[in-house]
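A.B. asks: Below you'll find the structure I mean.
The values are calculated or read from the model by the stated rules, or taken from the named source; none is laboratory data. The structure displayed is predicted, hence computed values, not measured ones. We place every Cβ from the backbone using ideal geometry, glycine too, and count neighbours over all the protein chains shown.
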Amino acid sequence: MVNVSEWKDKKRKMCRDSGKSFISRTGKQILPKIAPDSPKACSESCRKDCGNLRIQKVRDIFTKFYDISYDEQSLVLLRYISLQEPIRRRPGITDSSSRRLATFKYKIENVDVCKKTFCNVFQISLRRVDTLQTKLKNGDLSPKDRRGCHTNRPHTLDNNVRNLIKSHIGNFPS
Ligand SMILES: [Zn+2]
C-alpha cells in the first residue's frame, strides 16, 4: 500500500535537496536554486580572497553539488571546510573550551573565502554550515544527517552512501 503523504514528503525532499522548485507543505512555491552571478557575496572590507574565485569554477562546483544526494553534499562541503585549533593553548584550558575557540577555514579552488561567500557559492544557509561545523568539532564526520530518511538498516545505507561517494565526490575539485 502506498502512503500518499509519505510519498509526497519524499518527493519534496528530493526536490529540495537537488535545488529544484517545489511546493512546500504550507503550499508555498519554493524557487529553484540558481548558480550565483558573482561568487563574492561579502563586503569590500573582507580580508579573505573571495574576489579571486573564478565564476566558471564556481558554476561547475554548484552544478555538481545539486546533482548528488543530501548526504553526499554534506561530505563535499566538509571537504572545503577545515577546523583550525587555536594556536596557543594556555595551561588550564580544557579540551572542550579550546574546541569552542576553534575557527573554521573555507577554501575553494585554493582560494581562502569567508563564510558568507562560501554559502553563496553553494546557495546554502549559514545554518547548514553551522550544523556541519558542530559535527566537525565533535569529531562526528559520518553522514548522519538523514532528514526524512527512515530505515531499519542503517548499515546497508551507509555502504550505499559510501559507494556513491566514491563515484561522485572524486569529480569535485579541491
Ligand atoms: Zn569574503
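A.B. asks: Tell me, yes or no, whether segment 140-159 has at least one residue that is at pLDDT 95 or above and surrounded by 15 or more Cβ atoms within 10 Å (Cβ to Cβ).
C.D. replies: No, the conditions are met nowhere in segment 140-159.
A.B. asks: Give the residues of segment 40-73 that are of a type in the set (A, V, I, L, M) and touching a residue at least 40 places away in the same chain (Cβ under 8 Å), sorted by residue number.
C.D. replies: Hits for segment 40-73 are Ala41, Leu53, Val58, Ile61, Ile68.
A.B. asks: Going by what's in this entry, would Lys115 be described as at pLDDT 90 or above, surrounded by fewer than 16 Cβ atoms within 10 Å (Cβ to Cβ) and within 16 Å of the ligand (Cβ to nearest atom)?
C.D. replies: No, not satisfied.
A.B. asks: Quick one: which helices (runs of 4 or more DSSP H) sit completely within segment 1-87 and have at least 1 residues that are hydroxyl-bearing (Ser, Thr, Tyr) and in the same structural domain as Glu109 (by TED's automatic domain parsing)?
C.D. replies: 55-65, 70-80
A.B. asks: Separate question: Which is within 16 Å of the ligand (Cβ to nearest atom) and modelled with pLDDT under 95, of Ile93, Ile81, Ile34, Ile87?
C.D. replies: Just one listed residue meets the conditions, Ile81.
A.B. asks: Condition first: in contact with a Ser or Thr (Cβ under 6 Å, 6 or more places away or on another chain) and either away from the ligand (no atom under 16 Å from the Cβ) or of a type in the set (Val, Ile, Thr) (or both). Now tell me which residues in segment 38-78 satisfy that.
C.D. replies: Tyr66
A.B. asks: Going by the conditions given, is Arg16 charged (D, E, K, R) and under 25 Å from Phe104 (Cα atoms)?
C.D. replies: No, not satisfied.
A.B. asks: Among the residues of segment 11-39, write down those that are closer than 23 Å to Ile55 by Cβ and in contact (Cβ under 8 Å) with a residue 60 or more places away in the chain.
C.D. replies: Gly19, Lys33, Ile34, Ala35, Pro36, Pro39
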